[in-house]
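Quick notes on the structure that follows.
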Amino acid sequence: MREHKEIGIGREARTTYHLDDIAVVPSRRTRSSKDVDTRWKIDAYEFETPFLSHATDALATPEFIIEMDKQGGLGVINAEGLWGRETDLGAAIEQIREALEDEDDEWAATRVLQQMHQKELDLDLLGERIAAVRSAGAIVAVRVSPQHARELAPVLQEAGLHLLVVQGTVVSAEHVTKEGEPLNLKEFIGSLDTPVIAGSVSDYHTALHLMRTGAAGVIIGAGDTTNWATSGINTPMATAIADAAAARRDYLDETGGRYVHIIADGEIELTGDAVKAIACGADAVTLGAPLAKAKEAAGEGLYWQASAAHPKFPRSMVEQVANRDELVSLEHVLHGPSSSPLGEFNFNGALRRSMGKCGYTDLKSFQKVQLDLV
């Protein structure tokens, strides 16, 4: 039963919950973490861990994407970022770092990022870099915005991508614009041979609509953006994931068995957050800032989301989440071993241990674990 509270005469708001508001509850049965299987499969592609990287140039170099694949996760490339705009990615990142260190200008780094994104997108350069990742044997996932999905999809397919991610701050089944032809996701997805993951959404109805477009996966949340401050938009992730899981069940019944994956992208800072996201119903989890602490990440301790580069309305900022001398390997972040008791590292190990403590051996069954409000 949905609970609503009156916030003023004639106006009500629904009661919702963040991941910090809930806890996973162990049962009478426990299992060894060695018996736990955290593999995740979407369409024809299987991964050893249910973790994706956020589509940001702060993380993704070709080397990072390849290493993410080796560690059993899925690295996501931002097709509209620096890969097709800067011939020297390392030099571009250093320029952003130098701007961030300008004590007299708080937003210098954001402006540098915006200026870089004003350069014309070199589709040949973008295609070459994607093809290089593909030739290394890694599964290639590429993010595009709804506004540019139609024009970029052919280039990305030719370069050899495996999964297309259509992601914006908020995405609906039909992107309407007065300029040009609107993007109808159902028609667009139906025209492709490539599986599509779409989002971001935050409610039952939009999730259900996206599932009906033929998407293989739906992204819940909008990453760790500052939408709350800039636009008033916020996604209480525990409720949003649970609502999307309900939409998935209804869609499964509606179609007679078509399963759509739910990918949580928001409020995931520590290992426990990832555990709770899957317990609420997510099949996989997107990691952003936690991966910026890896030596292989492009920013080497710097992090921002793609929305930080918006020319008129940035909704993320360039931040330093770790110093260069504090960086660890990507393997350490995802698999440990870790000496930190703060939940910064060993995301897959934490998930395996929590599942075992609660008596579950696979991700799907763990979605049925008992949850309590705290």
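Computed values, structure above
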item	result
DSSP beta bridges in the chain [antiparallel fraction, %, rounded to 5]	35 percent
Potential extension, V25-D105 segment - 0.36 nm per residue separation minus Cα distance	24.1 nm
Exposure of V25 as accessible area (Å², to 10), given a probe of 1.4 Å and all protein chains	30 Å²
R353-A44 pseudo-label distance in nm [points 7 Å out on the Cα-to-Cβ vector]	3.9 nm
Label-to-label distance, nm, for residues given as E6 and D372 (7 Å Cα→Cβ offset)	3.4 nm
Total lysine pairs whose alpha carbons fall under 17 Å of each other in the chain (8 or more apart, or interchain)	9
Principal semi-axes in Å for segment 241-332 [√(5λ), Cα gyration tensor, largest first]	32, 17, 10
Cα gyration tensor, segment 287-374 - rounded (a/c under 1.5), prolate or oblate	oblate
Cα-projected label distance for D124 with E151, points at 7 Å along beta-carbon direction, nm	1.9 nm
Accessible area per residue in Å² at 1.4 Å probe, computed on the chain	46 Å²
Contour minus Cα-Cα distance for S191 and H162 (0.36 nm per residue)	8.9 nm
Cut-off 17 Å (backbone N to label point 7 Å along Cα→Cβ of L342), residues of segment 292-326	292-295, 301-303, 319-326
Computed over the chain: relative contact order in percent, which uses C-alpha pairs under 8 Å that are six or more apart	23 percent
Taking the C-alpha atoms of segment 70-129, convex hull volume expressed per residue in Å³	107 Å³
Accessible surface of the chain [probe 1.4 Å, protein heavy atoms]: carbon and sulfur percent	46 percent
Extension gain, T15 back to E254 (0.36 nm per residue minus Cα-Cα distance, nm)	83.2 nm
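The values are calculated or read from the model by the stated rules, or taken from the named source; none is laboratory data. What you see is a predicted model; the values in this text were computed from it and never measured. Note that we place each Cβ from the backbone using ideal geometry, even for glycine, and neighbour counts take in every protein chain shown. Side chains included, ligands, DNA and RNA excluded: accessible areas come from the protein's heavy atoms. Shrake-Rupley method; radii C 1.70, N 1.55, O 1.52, S 1.80 Å.
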